[in-house]
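We did not get these values from a lab; they are worked out from the coordinates using the rules stated. Predicted model only: the values in this text are computed from it and were never measured. Glycine gets a Cβ as well: all are built from the backbone with ideal geometry, and neighbour counts include every protein chain shown.
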Amino acid sequence: MRRAERAEIMAPAGAMEQVYAAVRCGADAVYLGAGGFNARRNATNFDDNTLPEAVRYCHGRGVKVYVTVNTLVMDEEMSALAATLDEVAAAGPDAVIIQDLSVLDYCKRHYPSLTRFSSTQTVVHNVSGALELERLGFQSIMLARELSLREMEAICSAISPETAAEAFVHGAHCMSVSGACYLSGMIGGRSGNRGLCAQPCRLDWQAGKAHYALSLKDMSLISHIGELEEAGVTSLKIEGRMKRPEYVAAAVTACRLAREGQPYDEQQLRNVFSRSGFTDGYLTGRRDQDMFGFRTKEDVTGAEKVYKELQNLYKGELGRIALDFRFTADENGSSLSVSDGERCVTVEGEKPQTALNRPMDSDSAGKNLCKCGGTPFTVGSFEAHIAPGLMLPASALNALRREALEKMLGERSVGKSYPYIESESEKSAKHTAPAEPAYWARFYKKEQLTLAERFEKIILPAGEIDAEILERLGDKLLCETPAVLFPEDEPAFARHLRELRNLGLRGIVADNVYALRLGRELGLAVHGGCALNILNSTALREYEKQGLETAALSYELQMSKARAIGCEIPRGIFAYGYLPLMRWRNCPVKANIGCGKCGGSGSITDRLGIRFPVECTEKHYSTLLNNLPLHIAERDLRGFDYLLFYFTRESEKDIETVLTDYDLRRKSADKRTGGLYYRELQ
């Protein structure tokens, strides 16, 4: 087991004021957004002027800068993406945070020395997923918020010692697994995967009699920092790029104190921002009703009381960089050299005068030269070589010191250099689809297979597959791997999948990158699911390189944009079904009414009383489904290799009706939705 000797504190920054607060309160790194390709597009963020300013400020003070370019990208945005990444590289940060494989591809080809961090949006929750991200070229793995301490330790122990491991330690909890939430996009066209989540989950959803059933308390794991370091976490990440600088100051200060083994003010943290307090439920494994909470009037008024107090925390510079001073004075002149251990600067001062009274010595010179207040520096050591009988006035010594410190700050305040490497991007092939797409079907239960002969491929969850079904369906059958698989379930699932392979299973559907690795290791054909979030041709090509044989495109694409995606492998679209909107580890139905009363057929209602069904995956995680089925039978669906019918609770009669609609290209007689295929996604 590896152990992080001293995990860095990584603070959020939505603007320069938050950068000042983070650095002056003791953060080791800040992460911030650039351009329009970051997961907090409504923050102020940084442009080609303010990003270099932030890098200079941080680097001068020994603080790293990580830039988020962590949203999904569409084909028509590739030129803008390239311009953004070029600006980021020119600013010289320490790393870029990535979700989309097209961003990863551009960085690897053009800026290979720029460090690449995985975003929490990559939806990685297990060892296989973390190892697959390493294989893809990520050099830091973001551990999901939903993991327990033991699960984090398992992942940290498995990845390379050279790979960093980040964990969120304070801030907001999304109800859904990050990167697997489509609620905001489907309801209002504001995609969380595109950085514009409208947070509809914070509204008053109801599970049983419980209100605000999709709102979790903010997490706070600050009291567990020592345990996280023991588990191998190397970076302690604070959520909150939309938050005020006072919030950043409070969270960074608390983390710094806790890391040093000192007490911190949890009430101050709660006052500045919380939702009915904090929770550590995921880390400790206590996933229950106590994790839920929402922003109350008392929470809001509590914040106003502490703003002024917190502003005092970052009024002035934090002396954090020790310098070694060397002062020389003789008949020919004076000079001061300062060194931070990596670089040394020297400035020349006035020529000393003959002392009329008390000559200058080491102590008297040091009183002026060693004053570092108001700067990011402290004195590590002081050495003076002064010829006898000389003196310099205090004003000359002060000027010498100021010039040396300013020069040192300037030397340190530079970005890293990332030369642009010329590299031709691979051209995506223009895809030629069959005249009419094939029908593929995903069923929730094996009992729904009465019409299996109507489909080219049948997809079933692993728990629904047995030897009889394998013999009956043969190569037509694909196993649906869990969209979210946690380390505690990973070994058992891998064993089960191996048993199915030995019984004749030949292929799986991957809704998560871990399944690419698992399928490859077991020699199974891997087909990409919609939850891989493929929105562009480059990402599809990169997945093809990893072994995908087919891919279902993201249902956050407009139909015309989906058709235009080029590739060699067959590609399909989600054509019918109740769209998965969220994936939960702490199911609100279970938390409020219990699994016994749910019986696997739970639901929640929104503030308008509309019922949304919940699909349970063997009590390991649950999925919120849309209230209306996506149904687009009357549309022109040519241009794709297959249409995916996603059946959840449909009866045989329901399935027959749906197939007839699509055979006849007939509009559904029932209420339905066209999803985002015919709307502009933000």
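Note on the stretch 321-412: antiparallel DSSP beta bridges, both residues inside, total approximately 60 percent of the bridges counted.
Relative contact order (percent) for the chain, with alpha-carbon contacts under 8 angstrom and 6 or more residues of separation? Relative contact order for the chain comes out at 15 percent. Using Cβ point charges alone (K and R +1, D and E -1), the dipole size of the stretch 321-412 about the Cα centre works out to roughly 260 debye.
Which whole-number percentage describes the relative contact order of the stretch 321-412, with Cα contacts under 8 Å and a sequence gap of 6 or more? Show your work: numbers first, answer last.
Numbers: 167 pairs, mean separation 34.5, N = 92.
Dividing the mean separation by the residue count of the stretch 321-412 yields 37 percent.
Our coupling estimate for the stretch 318-330, obtained by passing each phi through the Karplus curve with A = 6.51, B = -1.76, C = 1.60 and θ = phi - 60°, is 9, x, 10, 10, 7, 10, 9, 9, 9, 10, 10, 9, 8 Hz, Gly and Pro reported as x. Local charge for Ile508 was computed over the other residues whose Cβ lies under 12 Å away, with Lys and Arg +1 and Asp and Glu -1, and equals +2. Our note on the geometry: Cα centres of the stretch 94-114 and the stretch 427-468, 34 Å apart.
By the count of neighbouring beta-carbon atoms within 10 Å, fewest first, Asp48, Asp511, Asp641 end up ordered Asp48, Asp641, Asp511.
Return one number: the angle in degrees, 0 to 90 and rounded to the nearest 10, between the long axis of the Cα atoms of helix 490-503 and the longest principal axis of the Cα atoms of the chain. For 490-503 against the chain, the angle is about 40 degrees. Computed from phi, the 3J(HN,Hα) profile of the stretch 235-249 under the Karplus parametrisation 6.51, -1.76, 1.60 (θ = phi - 60°) reads 9, 9, 9, 9, 7, x, 6, 9, 8, 6, x, 5, 4, 4, 4 Hz, with x in place of Gly and Pro. Residues whose amide H comes within less than 5 Å of that of Ala13, counting only those at least five positions distant or on another chain, are Tyr31 (H built at 1.01 Å from N in the peptide plane).
Cα centroid separation, the stretch 204-241 to the stretch 169-193: 15 Å. Distance from the alpha carbon centroid of the stretch 297-329 to that of the stretch 534-595 works out to 45 angstrom.
Under the criterion of Cα pairs below 8 Å and six or more residues apart, the relative contact order for the stretch 526-570 equals 48 percent. DSSP beta bridges fully contained in the chain are about 35 percent antiparallel.
Placing a pseudo-label 7 Å from each Cα along the Cα-to-Cβ vector at Gln311 and His211 gives an inter-label distance of 3.4 nm. Any idea what angle helix 652-664 forms with the longest principal axis of the chain, computed on alpha-carbon atoms, 0 to 90 degrees, nearest 10? Its long axis makes an angle of about 90 degrees.
Counting only other residues whose beta carbon sits under 10 Å from that of Pro570, what net charge do I get with K and R as +1, D and E as -1?
On the way: positive: Arg571; negative: Glu549, Glu568, Asp641.
Overall, the nearby charge balance is -2.
Only the Cβ atoms of Lys and Arg (+1) and of Asp and Glu (-1) were treated as charged; on that basis the dipole of the chain about its Cα centre amounts to roughly 1400 debye.
For the stretch 586-594, backbone phi angles converted through the Karplus equation (6.51, -1.76, 1.60; θ = phi - 60°) give residue-by-residue couplings of 9, 5, x, 5, 4, 5, 9, 10, x Hz, Gly and Pro being listed as x. Fewest-first ordering of Lys243, Lys351 by other beta carbons within 10 Å of each residue's beta carbon gives Lys351, Lys243.
Applying the criteria of a DSSP loop state and at most 12 other Cβ atoms within 10 Å to the GluC sites (Glu not before Pro) of the stretch 101-205 yields Glu162.
Of the cross-linked pairs Lys476/Lys653; Lys597/Lys667; Lys243/Lys308; Lys64/Lys108, which ones have a Cα-Cα span greater than 26 Å in the structure shown? Beyond 26 Å between Cα atoms: Lys597/Lys667.
Annotation: amide H of Ser603 within the under-5 Å range of Val614, sequence separation 5 or more or interchain, hydrogens built in the peptide plane.
Give me the percent of Cα-Cα pairs in the stretch 424-529 that sit more than 18 Å apart, rounded to a whole number.
51
Ranking Ala130, Gly639, Cys58 by Cα position along the charge dipole of the chain, where only Lys, Arg, Asp and Glu carry charges on their C-beta atoms, puts Gly639 farthest toward the positive end.
A cut-off of 5 Å between modelled amide H atoms, ignoring neighbours fewer than 5 places along the same chain, links Val509 with Cys479, Glu480, Thr481, His527.
Give the label of the value calculated from the structure for mean projected area of the Cα convex hull in nm², choosing from (i) 32.6; (ii) 47.3; (iii) 29.8. For mean projected area of the Cα convex hull in nm², the calculated option is (i).
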